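Asks: Let me begin by handing over the structure; questions about it come next.
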Amino acid sequence: MLQALQAGLGPIDNVVGYLRVTVRRTAANRTMRRLREQPVPEIFDMPVEEDSSAYDHVNEGAVKGAFEGLPEQWRAVLQLSALEGKSASQVARHLDISPASASSLLYRAKEALRTAYLRHQVSSDSPECTRVLHRAIDAMRGRATSRYEELIEAHLQQCARCRDERGHLAQLNSGLPNKKPAKAESGCH
């Protein structure tokens, strides 16, 4: 506004009224922008105390394999957030995206890492068992469709090794933050 006045633009008379209207419109525009851009709070997955044994069961090789199997952008956002400790807004500035996009990208990358970690735990030689266990993992993470529930259930009734492995995967999954409350266990025993 000062630049406009210095350039000879703006009001000739009633400057006070012009200033009031300008301030009111600027405040309204900022308020509307803030309402459109609601920041998503940072979600800390699993706060761990120094002496906690929460990660004693974690297979570091599986974590590394899961991380390396993610797309480049997901690895970048996870590295910025988890390893460098940057907030979603700092990640957004670094990646030149909106804060909402950064928060969404971070959420999806964390969930993909959790799923990939569980999939790296599957140790079956049979392609059929691997496929069923991957679908069981999807069910545990809240991403399975109902049409696969019968397939998973039928296979688990016949295959003791997969039942045992699914139990192990369920135990590992219980230590991970849930995407949604577990319908995960239903239909997959």
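Asks: Would you pick out the residues in the range 111-135 that are in contact with a Phe, Trp or Tyr (Cβ under 9 Å, 6 or more places away or on another chain) and touching a residue at least 40 places away in the same chain (Cβ under 8 Å)?
Replies: Listed by number, the residues that qualify are 112, 113, 116, 117.
Asks: Examine the range 95-115 for a residue that is of a type in the set (D, E, K, R), in contact with a Leu (Cβ under 9 Å, 6 or more places away or on another chain), surrounded by 15 or more Cβ atoms within 10 Å (Cβ to Cβ) and closer than 29 Å to residue 139 by Cβ, and state whether such a residue exists.
Replies: yes
Asks: Right, something else. Just to be sure I understand the filter: pairs with C-beta atoms under 6 Å, separated by 6 or more residues or on different chains, first member in the range 15-37 and farther than 28 Å from residue 100 by Cα, second member of a type outside the set (Lys, Arg) and at pLDDT below 80. Which pairs pass?
Replies: 18/11; 22/1
Asks: Across the range 92-129, what is the total count of residues that are touching a helix residue (DSSP H, G or I) at 6+ places or on another chain (Cβ under 9 Å), assigned to a helix (DSSP H, G or I) and within 20 Å of residue 68 (Cβ to Cβ)?
Replies: The number of residues fulfilling the criteria is 15.
Asks: Here is a further query. For the range 131-140, does any single residue satisfy the condition of being farther than 20 Å from residue 67 by Cα, surrounded by 15 or more Cβ atoms within 10 Å (Cβ to Cβ) and among the small types (Gly, Ala, Ser)?
Replies: Yes, the range 131-140 contains a residue that is farther than 20 Å from residue 67 by Cα, surrounded by 15 or more Cβ atoms within 10 Å (Cβ to Cβ) and among the small types (Gly, Ala, Ser).
Asks: Residue 164 fails exactly one of the following numbered conditions: (1) in a helix (DSSP H, G or I); (2) of a type in the set (D, E, K, R); (3) surrounded by 14 or more Cβ atoms within 10 Å (Cβ to Cβ). What is the number of that condition?
Replies: Against the list (1) in a helix (DSSP H, G or I); (2) of a type in the set (D, E, K, R); (3) surrounded by 14 or more Cβ atoms within 10 Å (Cβ to Cβ), residue 164 comes up short only on (3).
Asks: Here's another thing I want to ask about it. Name the residue, out of 141, 135, that is within 24 Å of residue 112 (Cα to Cα), modelled with pLDDT of 90 or more and in contact with a helix residue (DSSP H, G or I) (Cβ under 6 Å, 6 or more places away or on another chain).
Replies: The unique qualifying residue is 135.
Asks: Now a separate question. Kindly list, by first and then second residue, each pair from a residue in the range 166-178 that is in contact (Cβ under 8 Å) with a residue 60 or more places away in the chain to a residue that is part of a loop (DSSP other than H, G, I, E, B) and among the small types (Gly, Ala, Ser), limited to pairs with Cβ atoms under 8 Å and residues at least 6 apart or on different chains.
Replies: The qualifying pairs are 175/54.
The values are calculated or read from the model by the stated rules, or taken from the named source; none is laboratory data. Model, not experiment: these values are computed from the prediction. Please note: Cβ atoms are built from the backbone with ideal geometry, for glycine as well, and neighbour counts cover all protein chains shown.
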